[in-house]
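Some notes on the structure that comes next.
Laboratory data are not the source of any read-out in this text; all were calculated from the coordinates shown. Given the structure is predicted, the values throughout are model-derived calculations rather than measurements. With ideal geometry, Cβ positions are generated from the backbone for all residues, glycine too; neighbour counts draw on all protein chains shown.
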Amino acid sequence: MVVGVLALQGSFNEHIAALRRLGVKGVEVRKPEQLQYVSSLIIPGGESTTMAKLAEFHNLFPALRDFVKMRKPVWGTCAGLIFLADKVVGQKSGGQELIGGLDCTVHRNFFGSQLQSFEADLPVPNLASKEGGPETCRGVFIRAPAVLEAGPDVEVLAVYPVPPDNHLLQL
Amino acid sequence: MAGTGVVAVYGNGSALTEAKKSTFSVKVGLAQMLRGGVIMDVVTPEQARIAEEAGACAVMALERVPADIRAQGGVARMSDPQLIKEIKQSVTIPVMAKARIGHFVEAQILEALGIDYVDESEVLTLADEENHINKHNFRIPFVCGCRNLGEALRRIREGAAMIRTKGEAGTGNIIEAVRHVRSVMGDIRVLRNMDDDEVFTFAKKIAAPYDLVMQTKQLGRLPVVQFAAGGVATPADAALMMQLGCDGVFVGSGVFKSGDPVKRARAIVQAVTHYSDPQVLADVSCGLGEAMVGLNLTDDKVERFASRSE
């Protein structure tokens, strides 16, 4: 089983290292042809506008959309989440290309810029009961996006409560 | 380069603890997300939008690019906050800005503007000849320049969450950036093979904190993300720095001082992603127009920004 990691920009090295710790082979993917050799894909964190531009230059979007349509497993971290969302709020002027496939609305940079970045312990009771492991997962939110709403078939694994006076909730 | 290439989260070793400070892992986290990307100098909101469209992963907002600072001389200070605000409003990608070395109030002002990173930069005139800013006192993360491993680790001990080579900014000449990255990588290679008992003396020799030297030895790389900077003018330059082991590239005067900034910016972004694919590098290097005019460093009259601080 070979897991592809989209290596256009961002923390792809960190994801490959995490796979290695699990004893799984991770392979960097930069061109459409490389997708045929992997059984699943990770889209790492980074700058989503940068990744979208690079994907455009190399005509990766059609291949990525096919990959998702074929129902192969895809994991999106942060910028990866933005790529996989069906709807994105807070795009750069002129818009940015997405892959889509996850029935949700995502807001880019929901919490603000770097000074609003933070760490939090997220309770993950469902994961803990199904797979064992600790009751909480340490989340590091760097200029993080937020899922504003998710469709009925989306399984929510963890939530981070946002104070009701958050100005973006007024949108 | 061997090793996982992972940037480990550095422990909270700071002796100063204030509730308002962000954890070091949050500071380092943004640099991790910038890896494999290009950060471009911009002096107007229009240039910032061009950079974002070309695929820059962040912009450095300033009034004058290093080539102009060099040409015009005088004292170079932090830019007008109004300009920085306008640039921040014009893009959705992270925004950085420069503060003078040791000028902690310029850094306080930049933090108050809510930008994402401060570059404590030798390109600006020094404000303090002896001391750098105590970056632990800030919630905003800092990037600092270095010429060698000792300098890099001293800056990290002061609280820098990201490191770049100093190179020789504004010259369009890659020679110094190459010198600096080879020095850092070379010392790391020596360190990796060194007997643990010899590390004490090595730390003394490079004037760096022992604990950070040991951490570097164990990781096989710097404990923070390291970008190339200072003299990158072409896609080949950018790919060279990536192949030498850098995690990403800053391009200052190189983009907007060239003949066709839009094309060149895009080409450099692609070069950093496909840095080990000569076919792509050849393709993107074609028809780029004029590169920025450069300065030859054998000329004594060229001021060396990199040696202003240690």
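Pop out the ³J(HN,Hα) list for the range B:61-72 in order, Karplus 6.51 cos²θ - 1.76 cosθ + 1.60 with θ = phi - 60°, rounded to Hz; leave Gly and Pro as x.
Values per residue, Gly and Pro as x: 8, 8, 7, 9, 6, x, 4, 6, 4, 4, 5, 8 Hz.
Which residue, chosen from B:254, B:268, B:194, occupies the Cα position most advanced towards the positive end of the dipole of chain B, where the dipole is computed from +1 (Lys, Arg) and -1 (Asp, Glu) charges on Cβ about the Cα centre?
The listed residue farthest towards the positive side: B:194.
For a paramagnetic label modelled at 7 Å from the Cα of residue A:162 toward its Cβ, which residues of the range A:93-115 fall within the zone defined by backbone nitrogen distances under 15 Å?
A:104-113
Counting Lys and Arg as +1 and Asp and Glu as -1, each charge on the Cβ, what is the dipole of the protein assembly as shown about the Cα centre in debye, to the nearest 20?
The dipole of the protein assembly as shown has a size of about 480 debye.
Just to confirm my numbers, what's the Cα centroid distance between the range B:171-187 and the range B:94-130 in Å?
The distance from the Cα centre of the range B:171-187 to that of the range B:94-130 comes to 23 Å.
Using a basic spin-label model with each label point 7 Å from the Cα along Cα→Cβ, how many nm lie between residue B:109 and residue B:262?
Each label point is offset 7 Å from its Cα along the Cβ direction, giving 3.4 nm.
How much length is gained if the chain between residue A:24 and residue A:154 is pulled fully straight, taking 0.36 nm per residue apart and subtracting their Cα-Cα distance, in nm to one decimal?
The residue A:24-residue A:154 span can extend by a further 44.2 nm.
Taking the Cα centre of the range B:24-282 as origin, work out the dipole magnitude from +1 charges on Lys and Arg Cβ and -1 charges on Asp and Glu Cβ, in debye rounded to 20.
The calculation lands at about 240 debye.
Nearest 500 deg cm²/dmol is fine: what mean residue ellipticity at 222 nm does chain B get from its DSSP H runs of n ≥ 4 alone, each adding -39,500 (n - 2.57), divided by its residue count?
It lands at -12000 deg cm²/dmol.
Output ³J(HN,Hα) for the range B:175-188: one whole-Hz value per residue in order, computed from phi by the Karplus curve 6.51 cos²θ - 1.76 cosθ + 1.60 with θ = phi - 60°, and x for Gly and Pro.
3J(HN,Hα) across the range B:175-188, in whole Hz: 4, 6, 4, 5, 4, 5, 6, 5, 5, 5, 5, x, 5, 5.
Distance from the Cα centre of the range A:49-106 to that of the range B:57-92, in angstrom?
32 Å
Can you list residues from other chains, or at least 5 along the same chain, whose modelled amide H is less than 5 Å from the amide H of residue B:225?
Under 5 Å from the amide H of residue B:225: B:163.
Could you please state, rounded to a whole Å, how far the C-alpha centre of the range B:261-307 is from the C-alpha centre of the range A:114-150?
Each part's Cα centre sits 40 Å from the other's.
Once the dipole of chain A is set up with Lys and Arg at +1 and Asp and Glu at -1 on Cβ about the Cα centre, which of A:76, A:152, A:35 lies farthest towards its positive end?
Of A:76, A:152, A:35, it is A:35.
Around residue A:119, which amide H atoms from residues at least 5 apart in sequence, or from another chain, sit under 5 Å from its own amide H, with H modelled in the peptide plane?
For residue A:119, the qualifying residues are A:141.
Treating only the Cβ atoms of Lys and Arg (+1) and Asp and Glu (-1) as charged, compute the dipole magnitude of the range A:22-99 about its Cα centre; round to the nearest 20 debye.
Computed charge dipole of the range A:22-99: roughly 140 debye.
Taking every DSSP beta bridge that has both residues in the protein assembly as shown, what percent is antiparallel when rounded to the nearest 5?
Counting only bridges with both partners in the protein assembly as shown, antiparallel ones make up about 20 percent.
Could you order the peptides B:239-250, B:142-153 from most to least packed, using the average number of other C-beta atoms within 10 Å per residue?
B:142-153, B:239-250
Hey, if you put +1 on the Cβ of every Lys and Arg and -1 on every Asp and Glu Cβ in chain B, which of B:74, B:103, B:212 ends up farthest toward the positive end of that dipole?
Looking along the dipole axis, the top candidate is B:212.
Skipping prolines and chain starts, which residues have an amide H placed within reach, meaning under 5 Å, of the one on residue B:102, given they are 5 or more residues away or on another chain?
HN-HN under 5 Å from residue B:102: B:133.
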